[in-house]
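Enquirer: The structure under discussion is supplied below as structure tokens; questions concerning it will follow.
Read-outs throughout are calculated quantities, based only on the coordinates presented, and are distinct from any laboratory measurement. Remember, predicted model here, so these are calculated numbers, not experimental data. Note that each Cβ is placed from the backbone with ideal geometry, even for glycine, and that neighbours are counted across all protein chains shown.
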Amino acid sequence: MKKPAENSEEFLQIIREWQALEDKTVESASALINKTNNPLVKMTMEMIKHDSEKHKVMQQMIIDNLTKEAVHLSHDELAPLSDLLNSHMEAEAKSLSLADAALQHSELFITRYILSYLIADEMKHHSLIGKLNELKRSAAFVT
């Protein structure tokens, strides 16, 4: 049986290199935050910094999943969470609808800039919860 590509040392090296780049992104964002007084630039760089910190944690989970103990997730584990996942999806959909309505009623650049980011983030959340929901219906185990 062929091993997954993720089990290669090359794959792990790519993820580790990416992690190091995330560290540099955090440092760069912090420097920009400290250098500016502009609230829009500060907010944008704070979001990027926070995202890079999250990325590093997620990348470490990939590494640990491959080098330590693999994460297993079955639809049976998600089934008891079904109602909560559905409620969360509904809340994300409502947030997305409200954000889109706000965008449709906005004209100012700053407002539209922030709303566009929020919409993209809400879409990402909705997609992530949707993928967990799909696992409930699947008989496959995730590793």
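Enquirer: What is the distance, in nm, between label points placed 7 Å from the Cα along the Cα-to-Cβ direction at residue 10 and at residue 54?
Expert: With each label point 7 Å from Cα toward Cβ, the separation is 3.1 nm.
Enquirer: Beta carbons within 10 angstrom, averaged per residue: use that to sort the peptides 75-88, 44-57, highest first. Walk me through the intermediate numbers first.
Expert: Details: 75-88: 12.8, 44-57: 15.6.
Result, highest mean first: 44-57, 75-88.
Enquirer: Report, in listed order, any pair from 2/24; 3/131; 68/136; 35/56; 56/131; 2/68 with a Cα-Cα distance greater than 31 Å. Let's see the in-between values first.
Expert: Numbers: 2/24 36 Å; 3/131 24 Å; 68/136 26 Å; 35/56 24 Å; 56/131 21 Å; 2/68 20 Å.
The answer is 2/24.
Enquirer: A further question follows. Hey, how much of the P(r) for the stretch 8-71 falls beyond 18 Å, as a percent of Cα pairs?
Expert: On the way: 921 of 2016 pairs.
Cα-Cα pairs in the stretch 8-71 separated by more than 18 Å: 46 percent.
Enquirer: Shifting gears a bit: Would you please classify the overall shape of the chain from the alpha carbon gyration tensor, given that a ≥ b ≥ c denote the square roots of the eigenvalues, rounded means a/c under 1.5, and beyond that prolate means a/b larger than b/c while oblate covers the rest? Numbers along the way, then the final one.
Expert: Working: a/c = 3.14, a/b = 1.22, b/c = 2.57.
Oblate shape, in that a/c is at least 1.5 and b/c is the bigger or equal ratio.
Enquirer: How high is the relative contact order of the chain, in percent, counting Cα pairs under 8 Å that sit 6 or more residues apart? The partial results should precede the final answer.
Expert: On the way: 101 pairs, mean separation 38.0, N = 143.
Dividing the mean separation by the residue count of the chain yields 27 percent.
Enquirer: How much length is gained on full extension from residue 131 to residue 72, taking 0.36 nm per residue of separation minus their Cα-Cα distance?
Expert: Numbers: separation 59, 0.36 × 59 = 21.24 nm, distance 1.54 nm.
Working it through step by step, the gained length comes to 19.7 nm.
Enquirer: Which net charge results when you count Lys and Arg as +1 and Asp and Glu as -1 among the other residues whose beta-carbon is under 14 Å from that of residue 42?
Expert: Overall, the nearby charge balance is +1.
Enquirer: At a 10 Å Cβ-Cβ cut-off, how would you order 111, 25, fewest neighbours first? Walk me through the intermediate numbers first.
Expert: Values: 111 13, 25 18.
Lowest to highest Cβ neighbour count: 111, 25.
Enquirer: Expressed in nm², what is the orientationally averaged projection area of the convex hull enclosing the Cα positions of the stretch 72-143? If you can, show how the numbers build up before the last one.
Expert: Numbers: hull surface 21.0 nm².
Here the figure is 5.2 nm², rounded to one decimal.
Enquirer: Long-range amide H contacts for residue 73: which residues qualify at under 5 Å (H placed 1.01 Å from N, peptide plane, sequence gap of 5 or more or a different chain)?
Expert: 142
Enquirer: Something else about it: Could you compute the FRET efficiency for residue 109 and residue 24, with r as their C-beta to C-beta distance and R0 at 22 Å, rounded to 0.05?
Expert: Numbers: r = 29 Å, r/R0 = 1.33.
It comes out at approximately 0.15.
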